[in-house]
Amino acid sequence: MQFLFAFTLFVSAFLLFLVQPLVAKMLLPLLGGAPAVWNTCLFYFQCLLLAGYGYAHLVTKRLELRLQAILQIALLAAAMIVFPIAISPGFIQSLGHQPSPFLWLLGCLTATVGPPFLMLSTSGPLLQRWFAHTGRESAGDPYFLYAASNAGSLLALLCYPALIEPNFQLSSQSRLWSIGYAALTALFLVCAASLLKNKAGKTAPAAMEATRLSNDGDSQTHAIAPARRLRWVALAFAPASLMYGVTTYLTTDLVSVPLLWVLPLSVYLITFILVFARRRILPLRLLDRLLPLLAILLTFLMLTRLNRPIWLLGALHLLFLFVAATVCHGRLAGDRPPSKHLTEFYLWVSLGGALGGLFNSLLAPIIFDAVIEYPLAIVLSLLLRPAYGSQRSASRWPEVAAPLAVWLLTAGLAALLPRLGVATMLAVVLTLAVPLLLSYAWAMRPARFALSVGAVMLGSLFYQGLYYGSILRIERSFFGVLRVARDQTGAFHQLFHGNTGHGRQFIEPARQCEPLSYYHRRGPLGQIFEFFDSRQAAPEVAVVGLGAGAMVCYSKAGQRWSFYEIDPAVAGIARDYRYFTYLQNCARAPVRIVIGDARLQLRNSGDGRYGLLVLDAFSSDVIPTHLLTQQAFDLYLSKLAPGGLLALHTSNQYLDLCPVIADLAAEMNLSGLVNTDLTPPSGEQERGKDSSQWVILTRDAEHLGDLGADTRWQPLKSGARTAVWTDDYSNILGVFKWK
């Protein structure tokens, strides 16, 4: 019976966490691949998890075992009404009319997978509570089953990007998941039948119920004090918020690939497995001593904005998450109550996780204009470290005075060192290293140390322009953090999305209509427009991706231009003449900006109207994969005039998209060329040119004209033929640049 319950929990958790990346993969492309999509999905699923735990707590308190079993199996079966799991065309069409992607996502998730996920979320506490009634030797402490549940969750998360996504289409994934869900319903039926047939299963022995599982006086009366409940919530909130923060930071400031979206959640689950196992595997006290050292190192690297090497930095963020979450979850596991209060314990733990998701996914983007929630979660996790005996301070004054002194030191160094002529990088290192090392002296006093680290973070705001130059504007939207900065030379205004540049313009008025960065006249795009102007198939130009609006410098009298931009914040910055004047001063043709997903909005334009369609949506680390599928290319071709050109900007630091485009071109009988313009000469760099890669496609090789004879343009080759990307299949890891 122990194996039966453990296996059922394992399967339930596997399905619970397999459906999360499955549904996210369906939704991510529709919203530009923004990291906020994944965090919103996680928040929604944690809210349903809370609702499921609430249901389990209620029915185990109010209903007898037989009625619990009947109700559970009936609801499991009823939830199948939403099968097969798929985003309905109606929801896709309504996306362009929604004021908030956040609300649209919640509604879509509810209609797509809400009922079965809710029922799966009830499995953990309900099955553990049922097992406590079996009278088995291990029934007095059923918390070990929580480790089996989290093992299933972890396996699902690791299997999805490595095995399932590359080998199965979304429709096949949905069918297989539905079969697994039906099998789980049958397993629940077997568990219920076994429980009810067990003569000793109606009431667990009193001796087992009285097992001392907590470390305080509550074990005698089984009463749970309000302060203890609040402690459970706080210890669950901090790791959840930290997990969201790590995900956002990695996918915004380093690199966004699906594997990095799964890894923080996997690490988070591993900590639950370790602390709720029957035997303690890791020494929690040793991890608690390691946490301050990791916090000092991580804070220093974050504040200096170092982003190389990616693998080392990513590993450090995940290691900190692992240690901090293990310390917090270890305190939770050590404070778990007797099995009589099992469902209530899980309810409060789930509430803490849901509040962490609420704070990071909904409140933080409204309150903060940058990813401030991650540093706050770091400080909170340090505050929640246990205080051992002599570490407790009789006076609270040092806990306030020490952080204040650290902040004054940080701010003073930031103001003084540049005036003394200290080089910028050295000044930043000293400004951060000295107060952080001072803070580490209080590592054994959790409150003093945590607040001191937070004080360094606040003081570091004096040096926010190290990599971006002088920050002029920061704006945060659902799709990420945008920064407008004046470079350190004072020659340019620049637009950044995360760490990726999306446009640059000379500040000098006489040079403001020179297209810079990837759009330089001496680069591949300049050659594309020179060729297009020499043989216009049609006078209309469509561009997917606005950036700062630099491409409008190529517009000519008699043309009509349309920009399709998914993020309203980008359009607002591009139109603000204080930062960029491309749209106001450099357009020689009528320009319209269409806000919304490009595929949805392009459907509304007439067929055969565009002589040139430019896709400039792939230079960010997060790419909208739905713009690189066979169905998307069918749409593009339908909008091109006879002889029209399709140009794609494929510059990307981490993804090699040329094989994907080459496979699509071969499948659709298109002719294509690629121009990889490597690092430009230093003189051109000073004039604002960046390296870039562009692909040009057309229905007939004859339409490529002189470009075909230009040695800078090479035939598009895919090498080993892979599966063509469709709306039902894509494989980001397959095009990741591992070197």
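Here are a few things to note about the model shown:
- Any chance R521 is modelled with pLDDT under 95, over 19 Å from G611 (Cβ atoms) and more than 35 Å from the chain's Cα centre (by Cα): yes
- Subset tally (residues that are in contact with an Asp or Glu (Cβ under 9 Å, 6 or more places away or on another chain) and surrounded by 20 or more Cβ atoms within 10 Å (Cβ to Cβ)) for the stretch 542-558: 9
- Scanning the stretch 496-508 for residues that are touching a His at 6+ places or on another chain (Cβ under 8 Å) and under 20 Å from Y654 (Cβ atoms) turns up just one, F496.
- Of note, V37 does not satisfy the criterion of being under 30 Å from P101 (Cα atoms), surrounded by 21 or more Cβ atoms within 10 Å (Cβ to Cβ) and at pLDDT 90 or above.
- Taking every residue in the stretch 72-91 that is over 22 Å from L28 (Cβ atoms) and in the same structural domain as Q20 (by TED's automatic domain parsing) and pairing it with any residue that is among the hydrophobic types (A, V, I, L, M, F, W, C) and surrounded by fewer than 15 Cβ atoms within 10 Å (Cβ to Cβ), at least 6 positions away or on another chain, the pairs with Cβ-Cβ distances below 8 Å are M80/A182.
- Residues considered: L306, L260, L294, L254. Of these, the only one that is at pLDDT 75 or above and not assigned by TED's automatic domain parsing to the domain that holds L28 is L294.
- Qualifying position, being surrounded by fewer than 19 Cβ atoms within 10 Å (Cβ to Cβ), without any contact (Cβ under 8 Å) to a residue 12 or more places away in the chain, out of contact with any Pro (no Cβ under 6 Å at 6 or more places or on another chain) and in the same structural domain as V695 (by TED's automatic domain parsing), among P539, P509: P509
Residues are listed down the side, and each one gets a yes or a no for (1) farther than 20 Å from E475 by Cα; (2) at pLDDT below 95; (3) out of contact with any Phe, Trp or Tyr (no Cβ under 9 Å at 6 or more places or on another chain):
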{"residue": "A571", "(1), (2), (3)": "no, yes, no"}
{"residue": "A598", "(1), (2), (3)": "yes, yes, no"}
{"residue": "L602", "(1), (2), (3)": "yes, yes, no"}
{"residue": "G608", "(1), (2), (3)": "yes, yes, yes"}
{"residue": "L613", "(1), (2), (3)": "yes, no, no"}
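- Looking at Q584, Q653, Q631, just one residue is of a type outside the set (A, V, I, L, M, F, W, C), surrounded by fewer than 16 Cβ atoms within 10 Å (Cβ to Cβ) and within 26 Å of D677 (Cα to Cα), and that residue is Q653.
- Leading residue by the ranking (nearest to A589 (Cα to Cα)) among those in the stretch 542-569 that are among the hydrophobic types (A, V, I, L, M, F, W, C) and without any contact (Cβ under 8 Å) to a residue 40 or more places away in the chain: A557
- Annotation: of all residues in the stretch 367-400 being in a helix (DSSP H, G or I) and at pLDDT below 85, the one that is surrounded by the fewest Cβ atoms within 10 Å (Cβ to Cβ) is G389.
- The helices (runs of 4 or more DSSP H) found entirely in the stretch 122-214 that carry 3 or more residues being small (G, A, S), surrounded by fewer than 22 Cβ atoms within 10 Å (Cβ to Cβ) and modelled with pLDDT of 80 or more are 170-197.
- Flag if A86 is part of a loop (DSSP other than H, G, I, E, B) and more than 26 Å from L358 (Cβ to Cβ): yes
- Conditions (1) crowded, with 20+ Cβ neighbours inside 10 Å; (2) at pLDDT below 85; number of the one not met by G330: (2)
- Scanning the stretch 438-448 for residues that are at pLDDT 85 or above, under 30 Å from L627 (Cα atoms) and surrounded by 22 or more Cβ atoms within 10 Å (Cβ to Cβ) turns up nothing.
- Checked against the criterion of being among the β-branched types (V, I, T), over 30 Å from K340 (Cα atoms) and in contact with a helix residue (DSSP H, G or I) (Cβ under 6 Å, 6 or more places away or on another chain), the stretch 113-124 contains one or more residues that satisfy it.
The values are calculated or read from the model by the stated rules, or taken from the named source; none is laboratory data. Note that the structure is predicted; figures quoted are calculated from it, not measured. Neighbour counts are summed over all protein chains in view; Cβ atoms, including those assigned to glycine, are modelled from backbone coordinates with ideal geometry.
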